[in-house]
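Everything below concerns the one structure shown next.
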Amino acid sequence: KAISGPFLMEHGLAQAKRFGAEFIEREISDVKHNEDGTFTATDAERASYTAKAIIICSGLGFKPSGIKNEQSLIGKGISFCVTCDGFFFKGKKVVVIGNTNFAAEEALQLLTYSPDVTILSHGKDFSFSEKMKEGINARAIKLQKTVRITEFAGSAKLEKLKFADGTELACDGAFIALGIASASDFANKLGIARTGPQNAFIVADPRTGETNVKGVYAAGDCTGGNAQAAKSSGEGCNAAISV
């Protein structure tokens, strides 16, 4: 008989709890590497967790927008990571494309570099947690419910966005933050080496799960290879023992 993924996860979680593991079902929107070598993860309720090690097992999740000219303008005004590229937009007019807690977290970080930050909904309704809403309102980040963005326009660099209703918006930079934070997003923030198509996979030692960043491990589909529950479980075991 086949064993389903949900069945395996449910029983694995029960086993972990039986041995004292704490389980918190929250969306992680940011991870930072601290000067003392520890890590701080922040969730959608703005609660933070500090750890000596992190295992990334968030599956695949590279989320290109599919907007026209996206690929040709990456690094020329379009970015997927505020931690990596926010500095280059100091004092500039920037937008965050997204409608979830991840987009809100990126926008809050952007305020470190620029006071002119707007979140564009890209054809959907905004869906923020109450804590994220409080953070957005307290910092006066602009929210703009828009129709779908159809094109990034600019020759040498990004100059404006074009929308499905024919309107346009001039800006200096656009940070794409669609869906929830993924393995790719965490890798960007922490400086983890990646490989594969669109750098979607984290490079990890297949025996230990270790990445190039001390204290960070990866397991499962985010490391590439065969997308099988048995493989992911084994890699998770290796990473946990290594930690």
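Of (i) 46; (ii) 51; (iii) 38, which one was derived for percent of Cα pairs over 25 Å apart from the structure shown?
Looking at percent of Cα pairs over 25 Å apart for this model, the match is (i).
Is segment 93-165 best put as rounded, prolate or oblate by its Cα gyration tensor, with a ≥ b ≥ c the root eigenvalues, rounded for a/c under 1.5, and otherwise prolate when a/b is larger than b/c, oblate when not?
oblate
So for the pair LEU13, ASP165, with labels modelled 7 Å out along Cα→Cβ, what separation do we get in nm?
Placing both labels 7 Å along Cα→Cβ, they lie 4.0 nm apart.
Take the alpha-carbon centre of segment 8-35, take the same for segment 98-159, and report the distance between them in whole Å.
29 Å
Using a ≥ b ≥ c from the Cα gyration tensor of segment 183-242 (square roots of the eigenvalues), is it rounded, prolate or oblate, where a/c under 1.5 gives rounded and otherwise the larger of a/b and b/c decides, a/b for prolate?
In terms of gyration-tensor shape, oblate.
I need to check one value: relative contact order of segment 56-200, counting alpha carbon pairs closer than 8 Å and at least 6 residues apart, in percent.
34 percent
How high is the relative contact order of segment 25-111, given as a whole-number percent (alpha carbon pairs under 8 Å, six or more residues apart)?
22 percent
If you average the alpha carbon positions of segment 49-90 and of segment 185-243, how far apart do those two centres end up, in angstrom?
About 17 Å separates the Cα centre of segment 49-90 from the one of segment 185-243.
Take every DSSP beta bridge whose two residues both sit in the chain, then give the antiparallel share in percent to the nearest 5.
Antiparallel bridges: around 50 percent, rounded to the nearest 5.
Quick one: if the Förster radius is 22 Å, what FRET efficiency do PHE88 and ALA53 give, using the C-beta to C-beta distance and rounding to 0.05?
In this case the efficiency is close to 0.10.
When only C-alpha pairs under 8 Å and at least 6 residues apart count, what is the relative contact order of the chain, in percent?
Once divided by the residue count of the chain, the mean separation gives 22 percent.
Compute the distance in nm between two label points, each set 7 Å from the Cα along the Cα-to-Cβ direction, one at GLU134 and one at ILE74.
A separation of 3.7 nm, rounded to one decimal place.
When the helix-only estimate is applied to the chain (DSSP H runs of n ≥ 4, each -39,500 (n - 2.57), divided by the residue count), what is the mean residue ellipticity at 222 nm, nearest 500 deg cm²/dmol?
Mean residue ellipticity at 222 nm (helix-derived): -7500 deg cm²/dmol.
Percent antiparallel among DSSP beta bridges with both residues in segment 44-177, to the nearest 5?
Roughly 30 percent of the beta bridges in segment 44-177 run antiparallel, per DSSP.
Given a 1.4 angstrom probe, I'd like the percentage of the accessible area of the chain that is carbon and sulfur, rounded to a whole number.
Roughly 53 percent of what the probe reaches on the chain is carbon or sulfur.
Determine the gain in length on full extension of the stretch VAL243-LYS1; use 0.36 nm per residue of separation and subtract their C-alpha separation, reporting nm with one decimal.
Value of the extension gain: 83.8 nm.
With the crude spin-label approximation of a point 7 Å out along Cα→Cβ, what separation in nm comes out for ARG26 versus ASN226?
Here the answer is 3.7 nm between the modelled labels.
Lone cysteines in the chain, defined as no other cysteine's Cβ under 4.7 Å from theirs: which are they?
Cysteines lacking a close Cβ partner in the chain: CYS57, CYS171, CYS222, CYS237.
Which residue, SER72, SER182, SER29, has the most motion in a Gaussian network model of the chain that connects Cα atoms within less than 10 Å?
Checking each option, the largest mean-square fluctuation is seen for SER72.
The values are calculated or read from the model by the stated rules, or taken from the named source; none is laboratory data. As the structure is a prediction and not an experimental result, all values here were calculated from the model. As a convention, Cβ positions derive from the backbone with ideal geometry for all residues, glycine included, and neighbour counts pool all protein chains shown. Calculation scope for accessible area: heavy atoms of the full protein, side chains included, ligands and nucleic acids excluded. Shrake-Rupley method; radii C 1.70, N 1.55, O 1.52, S 1.80 Å.
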